[in-house]
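Only the coordinates and a few stated rules stand behind these numbers; no lab work does. Please read all numbers here as calculations on a predicted model, not as lab measurements. In this analysis, Cβ positions are derived from the backbone assuming ideal geometry, glycine residues included, and neighbour counts consider all displayed protein chains.
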Amino acid sequence: MTESTHTTCESLLGSLSDYIDGELGEELCREIEKHISECENCRIVVDTTRRTVDLVRASNRPDSGLPDDVRDRLFKRLNLDDYLKLPSTK
């Protein structure tokens, strides 16, 4: 991935996954953080995506306490059916 200036919301969304996963360079992270500090819509998208990723990761931990039927409904609602095919972590 090339690290170019994010001047539009659309270009930010192209780097969103890498940003949330911490896979971008410092300069590009600063650009994204500056943009989301000034753009409420992108800030909402980033926050919502980050919370969704955290929720999915937490629900896969054996100690999550999340009942299997709730986990299944969550993953189906988020269109993550492929992850339900993986062996249970409990």
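The slack in the chain from Arg61 to Glu23, taken as 0.36 nm per residue of separation less the alpha-carbon distance, amounts to 11.4 nm. Counting neighbouring beta carbons within 10 Å and listing from fewest to most, the residues Ser64, Ser37 come out as Ser37, Ser64.
Placing pseudo-labels 7 Å out from each Cα toward the beta carbon at Asn41 and Val70 gives an inter-label distance of 3.5 nm. Relative to the current alpha-carbon distance between Thr49 and Arg77, full extension at 0.36 nm per residue lengthens the span by 8.6 nm.
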